[in-house]
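Remarks on the structure that follows.
The values are calculated or read from the model by the stated rules, or taken from the named source; none is laboratory data. If you're wondering where the values come from, they're calculated on a predicted model, not measured in any experiment. Neighbour counts run over all protein chains shown; Cβ positions are idealised from the backbone, glycine included.
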Amino acid sequence: MKIVLFEDSKYNNFYPISRMHSVGEIRTGRYTQKERAIREFGAQVMLYSGRGGFGDPIEKSNDTLFLNARLKEFRGVGDLEYGTCIMNRGEIIAYRFDKILSEDEIGKLNILKREIPLYEFIWDILEDLESRLTEDLKEESSMGQILGPIDESAHIENRDMIFIGKDVKIENCVFLDASKGPIYIDNYSIIRANTVIEGPAYIGEGCLIKCGSFLNTVAIGKVTKLSGEIEESIFQGYANKQHFGFLGHSYIGEWVNLGAGTTNSDLKNNYSAIRVYPEGREYKTGMQFLGLIMGDHCKTAINTSFNTGTIVGPFSNIFGRDFPPKYLPPFSWWGGDFKEYSLEKAIKTARILMMRRDIKMDNAYLERIKQLFLTTKGLREKVNKGGNFGAEVL
């Protein structure tokens, strides 16, 4: 049986991260959704998207299990019989057939109704982060293993809930506190001196956590360099926040560089629930804590400050003394006023940045960037004409 994660029509609820990634590639804790499905089924997992340039080519097969990429949990759907579909409140959870089906075709299958939850919005992933990370890491059979060198002055609390991978370096006076949740530090990472990490926390392969940092409830993708105070946040991977500054209840995409002193607010002064304005639409998140959600290939200058619930589209450059708007579309150049960032310059910079990590931009990725620029031109035109994408600042 083949396994396919499919995007449904709500992929845009996961902007700006899903602007450059399919929903199945989004990190939801230690794992991306695809990695989570591989772990559950022990099989190859493919991604399907109706968007051009996303996902894998899916060929007709004798038996394929199609799973909604927004599933919070993949357990309990693997035993689905051929020709059967699971639905929850009108939404397709999973079906088993030999090919991708339209909604009308799916309606002709044998329908089972089950209460199986889906992620609805990108900020739902942050809301679930602590419990999801704890569950992910407690299930690891390798917990309690220390495979890398630890300085004798470092302190470990609740050793049985800590994993340190091979060639990891833990420097002097590091404090790893797993009393409130497990900590997993993957291979080849470095934790510099005087850093405190409170669980639950996942630090991916090849990461660098610089001196004097404080991390609490974080899911950090591979080859990410961090410093400062970071809590309740996700880094998709391949990002830099190498200097001081606070980041809380935030989701940061790939190839992002946050300049020194970049800081976000994640709590309003009046303690009310936070509203967000992705692409001009207002949503009441119901969350008291929500920080910055930033797409791939964004850059901030030194001392950049973001308000609660700010959403920044991919390939944006932000600088200036004032708070930027609570929504900036892809390819924004904002320094107190708005300009469109040149596509050619964005591609050139992206190539240089990716090559610094020995990753060559392929044609498929290049086309994805070009399509993003074209399909979001209307959003930038609206901002340029003074369109209001939310002015809430309290």
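Restricting region 306-322 to residues that are surrounded by fewer than 18 Cβ atoms within 10 Å (Cβ to Cβ) and closer than 29 Å to Leu208 by Cβ, which is nearest to the chain's Cα centre (by Cα)?
Among those that are surrounded by fewer than 18 Cβ atoms within 10 Å (Cβ to Cβ) and closer than 29 Å to Leu208 by Cβ, it is Phe319.
Looking only at residues in region 195-249 that are acidic (Asp, Glu) and under 16 Å from Thr262 (Cβ atoms), which one is surrounded by the most Cβ atoms within 10 Å (Cβ to Cβ)?
Restricting to residues being acidic (Asp, Glu) and under 16 Å from Thr262 (Cβ atoms), the top hit is Glu231.
Tell me which residues, restricted to region 191-215, are farther than 15 Å from Glu171 by Cβ and either assigned to a loop (DSSP other than H, G, I, E, B) or touching a His at 6+ places or on another chain (Cβ under 8 Å) (or both).
Passing the criteria: Gly204, Glu205, Gly206.
State all residues of region 1-46 that are of a type in the set (Ser, Thr, Tyr) and at pLDDT below 95; if no residue qualifies, say none.
In the first step, residues of region 1-46 are kept if they are of a type in the set (Ser, Thr, Tyr); the result is 9, 11, 15, 18, 22, 28, 31-32.
Within region 1-46, just Ser9 meets the criteria.
For region 1-17, which residues satisfy the criterion of being buried (at least 24 other Cβ atoms within 10 Å of the Cβ) and part of a helix (DSSP H, G or I)?
Phe14, Ile17
Out of everything in region 57-90 that is in contact with a Phe, Trp or Tyr (Cβ under 7 Å, 6 or more places away or on another chain), part of a loop (DSSP other than H, G, I, E, B) and in contact (Cβ under 8 Å) with a residue 40 or more places away in the chain, what residue ends up being surrounded by the most Cβ atoms within 10 Å (Cβ to Cβ)?
Among them, the one singled out is Ala69.
Hey, can you tell me all the residues within region 216-229 that are outside any strand (DSSP E or B) and hydrophobic (A, V, I, L, M, F, W, C)?
Val223
Name the residue, out of Ile38, Ile111, Ile100, Ile26, that is among the aliphatic types (A, V, I, L, M), out of contact with any helix residue (DSSP H, G or I) (no Cβ under 9 Å at 6 or more places or on another chain) and closer than 30 Å to Ala239 by Cα. Explain how you work it out, then say what you get.
Numbers: Ile111 fails: closer than 30 Å to Ala239 by Cα; Ile100 fails: closer than 30 Å to Ala239 by Cα; Ile26 fails: out of contact with any helix residue (DSSP H, G or I) (no Cβ under 9 Å at 6 or more places or on another chain).
Being among the aliphatic types (A, V, I, L, M), out of contact with any helix residue (DSSP H, G or I) (no Cβ under 9 Å at 6 or more places or on another chain) and closer than 30 Å to Ala239 by Cα holds for just one of Ile38, Ile111, Ile100, Ile26, which is Ile38.
Quick one: Thr134 ticks every box in (1) crowded, with 17+ Cβ neighbours inside 10 Å; (2) of a type outside the set (A, V, I, L, M); (3) assigned by TED's automatic domain parsing to the domain that holds Lys10; (4) within 21 Å of the chain's Cα centre (by Cα) bar one, so which box is it?
Going through (1) crowded, with 17+ Cβ neighbours inside 10 Å; (2) of a type outside the set (A, V, I, L, M); (3) assigned by TED's automatic domain parsing to the domain that holds Lys10; (4) within 21 Å of the chain's Cα centre (by Cα) one by one, Thr134 breaks only (3).
For region 263-291, how many residues meet the condition of being closer than 24 Å to Glu130 by Cα and touching a strand residue (DSSP E or B) at 6+ places or on another chain (Cβ under 9 Å)?
Final tally of qualifying residues: 16.
Return the residues of region 165-193 that are buried (at least 22 other Cβ atoms within 10 Å of the Cβ) and either closer than 16 Å to Thr134 by Cα or not assigned by TED's automatic domain parsing to the domain that holds Gly204 (or both); say none if nothing qualifies.
Those that are buried (at least 22 other Cβ atoms within 10 Å of the Cβ) and either closer than 16 Å to Thr134 by Cα or not assigned by TED's automatic domain parsing to the domain that holds Gly204 (or both): Leu176, Ala178, Pro182, Ile183, Tyr184, Ile185.
Matching residues to (1) assigned to a loop (DSSP other than H, G, I, E, B); (2) closer than 14 Å to Gly253 by Cβ; (3) of a type in the set (Asp, Glu):
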residue	(1), (2), (3)
Phe315	yes, yes, no
Phe323	yes, no, no
Pro330	yes, yes, no
Gly336	yes, no, no
Thr349	no, no, no
Ile352	no, no, no
Arg357	yes, no, no
Lys360	yes, no, no
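Among the residues of region 26-56, write down those that are assigned to a helix (DSSP H, G or I) and surrounded by fewer than 21 Cβ atoms within 10 Å (Cβ to Cβ).
Selection gives Lys34, Glu35, Ile38, Arg39, Glu40, Phe41.
In the same structural domain as Thr263 (by TED's automatic domain parsing), of a type in the set (A, V, I, L, M, F, W, C) and at pLDDT below 95: does that describe Phe331?
Values: in the same structural domain as Thr263 (by TED's automatic domain parsing): yes; of a type in the set (A, V, I, L, M, F, W, C): yes; at pLDDT below 95: no.
Spelling it out, it is not the case that Phe331 is in the same structural domain as Thr263 (by TED's automatic domain parsing), of a type in the set (A, V, I, L, M, F, W, C) and at pLDDT below 95.
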